[in-house]
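Enquirer: Below you'll find the structure I mean.
The values are calculated or read from the model by the stated rules, or taken from the named source; none is laboratory data. Bear in mind that the values here come from a model prediction, so they are computed numbers and not experimental data. Cβ atoms come from the backbone with ideal geometry, glycine included; neighbour counts cover every protein chain shown. In case anyone asks, the SASA skips ligands and DNA or RNA and just uses the protein heavy atoms, side chains included. Shrake-Rupley method; radii C 1.70, N 1.55, O 1.52, S 1.80 Å.
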Amino acid sequence: MILQSVKMAVDSIFSNKLRSFLTMLGMIIGVVSLVVLVSIVNGATSDVTDSIASMGTNYLMVQVQDDKGNPLTLSEVQALTEKDSVWETAPYAQGNGTIKYERNSESVTLYGTTGAYYDIRGLSLARGRFLKNTDVNQNTFVAVINATAAEELFGRTNVTGETLSIDGYHFTVIGVLEEEESAVGNVSERLEAYIPYTVLSKINGRSRRVESFYVSSEDENSMDLVESEITAYLYERLSGDEDAFSVINSSTIMETMSSVTNTMKWMLGGIAAISLLVGGIGIMNIMLVSVTERTREIGIRKAIGARKQTILIQFLIEALLVSIIGCLIGLLLSVLIVFMINHIGDSVSASLSGDVVMIAVGFSMLIGVVFGIYPAYKAADMRPIEALRYTN
Amino acid sequence: MIKIENLCKTYEVGGEIVKALDYATLQIDDGEFVSIIGPSGSGKSTLMNMIGCLDVADEGAYYLDGAAIEEYSDDQLAGIRNDKIGFVFQNFNLLSKLTAWENVELPLIYQRVAKKEREDRVSDALEQVKLLERKSHKPMELSGGQQQRVAIARALVTNPSIILADEPTGNLDTKTGEEIMELFHALHAKGNTIVLITHDEHVADQAERKIRILDGKVQEVEL
């Protein structure tokens, strides 16, 4: 019986191709906008969370904006590790310089820091070693460069022991970092050099005051404790001015970001769902027309013994089939569009998730049933003699 | 067997109350060939709707094979129509999108008859109306007489208690009409109960028994 109803529904959909297609168009557009928009937000979300996650999650970034004429010193920052919850601290300063090896000269981003930076930022070495505290304390002119810098300057990465010059100073290369995959998938193109904090201060002609540093905790659970301890310390240290410094927790950034993208997802998904709803109203409209047009057919069917339920199922299947076919065409188009976005768009990426596909299918079926049930009920409830008497 | 006792039905048409059936009483036995005759507006269509279980009366009783029809729900009535009544209409009332075969098969599908048995019975019914070679044609591709024969095959495929024909020759030319009447005679000869509703005396005369209806009242005329 169901099989017969499906066959009839298919016949009736195909006997009115243009009308059926226009009805489906509402569903197609709805499904495409739902799937594509959510996929784009998903893509953006994973880009952002990846880049935040690559920064690591169990450290704080501390910045001192106003030191009240009494700057934080390197030893003060290093002494913070005596607090129980604090694992390591790494002061850092950033600068730009020119890096030279033989005839090759490139501009480079300089990081002045200490040995702890390596652990806190989760770096990994391809060759050699990272900075040590002795390098910092003794102002040794040593540098760790990233793989890009090694390739650009030397054309190879096994360059530990080589000497290069940064802003005219000679440095010995003690280590090369591993090639880093950045969040968007391509290799970082920046040249980077890590040198002892004290050496950078010297090159820049600045004192050893610390304006920014990283603090890591024992584990992710003690992050809140570290944050409050560091905040309390700085509050006291900087004469009770809470605007003089900022403590940024990377997991807080992550949470904020993901709540923003989640809101985006629901908002765009909601808009798309509304367009699906409009598609559903289109289905109901056409089904009502179809029921009226086929009044006589319904009368004949009832006269020869079709029960209410039989008629109801027949029209419901027809509505459901229109919405499901529309949904499938929409999904196919969505896959195509998502594929195109990922291969043509540079700045946008989209990721199609099974969840949104299931939601689209489920929602389309729900709409087919919800908007199909009234016309189907109307058909099923016709009185046979009146339906037989009906003339178009 | 049909047993109708004091059946009444009134309609309201444009504020005016029309008594379509006025205490109608009649009985039709199994295997009979009965015609119900009356001018238009006499109530014969209403009577046909009652006999065909398409409508229920306001008053009175109708027993079809001993079952009291007025107590049945809409779905039960659909079941009764499916099992016990074969309709033949003036304008054939075939489903235009289905082939002759599918039209005849439809009541069996509603009865949930298995596929194999359906095939046997549909082919047997089409054989009886001599249209088996036209089984794949749609109604539009058949002549009026052929369409009516498909409708008759659809009516008899379920082995109903009665075949209820409403002006079956009304839309056909005289010659084709005669062919259809011959078909009814042949079916009657095989033991089917046939109730023929018509306004045409010539057609009505061919039945074993004539029931005349006028202003909703039944007057029996024996032949």
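Enquirer: For region A:98-223, what does the equivalent ellipsoid look like in terms of its semi-axes, each the square root of 5 times an eigenvalue of the Cα gyration tensor, given largest first in whole Å?
Expert: On the way: eigenvalues 106, 77, 33 Å².
The equivalent ellipsoid of region A:98-223 has semi-axes of 23, 20, 13 Å.
Enquirer: Okay, next question. Please list, in chain and number order, the residues 5+ apart from B:V218 or on another chain whose amide H is under 5 Å from its amide H, with Hs placed from the backbone.
Expert: Amide H to amide H, under 5 Å and 5 or more residues apart or across chains, B:V218 pairs with B:T25.
Enquirer: Where in region B:81-122 does accessible area fall by at least 50 Å² between the isolated chain and the complete protein assembly, at a 1.4 Å probe radius?
Expert: With the partner chains in place, region B:81-122 has these residues losing at least 50 Å²: B:R81, B:N93, B:L95, B:K97, B:I109, B:Y110.
Enquirer: What FRET efficiency do you get for A:D355 and A:I281 if R0 is 35 Å and r is their Cβ-Cβ distance, rounded to the nearest 0.05? Walk me through the numbers on the way to the answer.
Expert: Values: r = 26 Å, r/R0 = 0.74.
E(calc), rounded to 0.05, equals 0.85.
Enquirer: So what is the calculated 222 nm ellipticity per residue for chain A, using -39500 (n - 2.57) for each DSSP H run with n of 4 or more, over all residues, to the nearest 500 deg cm²/dmol? Let's see the in-between values first.
Expert: Values: 13 runs with 220 residues, N = 392.
Dividing the helical sum by the residues of chain A leaves -19000 deg cm²/dmol.
Enquirer: With all protein chains present and a 1.4 Å probe, how do A:M27, A:M8 order by accessible area, largest first? Before the final figure, lay out each step's value.
Expert: Numbers: A:M27 0, A:M8 30 Å².
Order by accessible area, largest first: A:M8, A:M27.
Enquirer: Which whole DSSP H helices in chain A pass both tests: a Cα extent of 27 Å or more along the axis and a mean Kyte-Doolittle value no lower than -1.0? Walk me through the numbers before you get to the answer.
Expert: On the way: long enough: A:17-53 (51 Å, 1.36); A:250-293 (64 Å, 1.02); A:308-344 (53 Å, 2.02); A:354-380 (37 Å, 1.51).
Helices meeting the span and hydropathy rule in chain A are A:17-53, A:250-293, A:308-344, A:354-380.
Enquirer: Can you pick out the pairs among B:K44/B:K190; A:K7/B:K115; B:K44/B:K210 whose Cα atoms lie more than 21 Å from each other? Can you show the working numbers first?
Expert: Details: B:K44/B:K190 26 Å; A:K7/B:K115 15 Å; B:K44/B:K210 13 Å.
Exceeds cut-off: B:K44/B:K190.
Enquirer: Taking the convex hull of the Cα atoms, report for region A:64-127 its projected area averaged over all directions, in nm². Each step should come with its number before you reach the end.
Expert: Values: hull surface 27.7 nm².
Averaging across all directions leaves 6.9 nm² for the Cα convex hull.
Enquirer: What whole-number distance in Å separates the alpha-carbon centres of region A:267-323 and region A:97-131?
Expert: Between the Cα centres of region A:267-323 and region A:97-131 lies a distance of 68 Å.
Enquirer: Would you kindly find the accessible area of A:D119, with a 1.4 Å probe and non-protein molecules such as ligands, DNA and RNA excluded, rounding to the nearest 10 Å²?
Expert: About 90 Å², ignoring ligands and nucleic acids.
Enquirer: Tell me the carbon and sulfur percent of the accessible area for region B:83-150, rounded to whole percent, probe radius 1.4 Å.
Expert: The computed percentage sits at 46.
Enquirer: Give the long-range amide H neighbours of B:V18: residues separated by 5 or more places, or on another chain, with amide H under 5 Å away, using H modelled in the peptide plane at 1.01 Å from N.
Expert: Correct list: B:Y11, B:E12, B:V13.
Enquirer: Expressed as an acute angle from 0 to 90° and rounded to the nearest 10, what is the orientation of the C-alpha long axis of helix B:100-110 relative to the principal long axis of chain B?
Expert: 60 degrees
Enquirer: Something else about it: With a 1.4 Å probe and every protein chain left in place, work out the accessible area per residue of the protein assembly as shown in Å², rounded to a whole number. The partial results should precede the final answer.
Expert: Details: 28750 Å² over 615 residues.
Spelled out: the 1.4 Å probe surface of the protein assembly as shown, per residue, equals 47 Å².
Enquirer: With a 1.4 Å probe and every protein chain left in place, tell me how much accessible area A:I385 has, in Å² to the nearest 10.
Expert: 10 Å²
Enquirer: Give the Debye-formula value of log10 I(q)/I(0) at each listed q (0.10, 0.21 Å⁻¹), with one equal scatterer per alpha carbon of region B:108-223, two decimals each.
Expert: For region B:108-223 at q = 0.10, 0.21 Å⁻¹, log10 I(q)/I(0) is -0.34, -1.23.
Enquirer: Report, in deg cm²/dmol and to the nearest 500, the calculated mean residue ellipticity at 222 nm for chain B, where each DSSP H run with n ≥ 4 adds -39500 (n - 2.57) and the sum is divided by the residue count. Show your work: numbers first, answer last.
Expert: Values: 7 runs with 77 residues, N = 223.
My calculation for chain B gives -10500 deg cm²/dmol from helical runs alone.
Enquirer: Return the percentage of antiparallel bridges among DSSP beta bridges fully within the protein assembly as shown, rounded to the nearest 5 %. Intermediate results must be reported in sequence, preceding the final value.
Expert: Working: 60 of 87 bridges.
Close to 70 percent.
Enquirer: Based solely on C-alpha atoms, express the radius of gyration and the Dmax of chain B in angstrom.
Expert: Rg then Dmax for chain B, in Å: 17.2, 53.
Enquirer: For helix B:115-128, what angle does its Cα long axis make with the longest principal axis of chain B, in degrees from 0 to 90 and rounded to 10?
Expert: So the inclination is approximately 80 degrees.
Enquirer: Using 0.36 nm times the number of residues separating B:S123 and B:M1, minus their current alpha carbon distance, what extension gain do you get? Write down the numbers at each step before the final one.
Expert: Working: separation 122, 0.36 × 122 = 43.92 nm, distance 2.75 nm.
Value of the extension gain: 41.2 nm.
Enquirer: Also, quick follow-up: Separation of region B:120-142 and region B:26-103 by C-alpha centroid, Å?
Expert: 23 Å
Enquirer: If each of A:Y235 and B:M140 carries a label point 7 Å out from its Cα toward its Cβ, how far apart are those two points in nm?
Expert: Taking the two extended label points, one gets 8.5 nm.
Enquirer: On to the next question. In Å², rounded to the nearest 100, what is the total accessible surface buried by chains A and B against each other with a 1.4 Å probe?
Expert: About 2200 Å² of accessible surface is lost on pairing.
Enquirer: Near the amide H of A:Y92, under 5 Å away, which other amide H atoms are found, from residues 5 or more places off or on another chain, if H is placed in the peptide plane?
Expert: Here the answer is A:S212, A:F213, A:Y214, since their amide H atoms fall under 5 Å of that of A:Y92.
Enquirer: In whole Hz and in residue order, list the ³J(HN,Hα) couplings for region B:207-220 that follow from phi through the Karplus curve 6.51 cos²θ - 1.76 cosθ + 1.60, θ = phi - 60°; x for Gly and Pro.
Expert: 7, 6, 9, 10, 10, 9, 10, 9, 6, x, 10, 9, 10, 8
Enquirer: Relative contact order of region B:1-117, please, whole-number percent, based on alpha carbon pairs below 8 angstrom and at least 6 residues apart.
Expert: Numbers: 128 pairs, mean separation 28.2, N = 117.
It rounds to 24 percent for region B:1-117.
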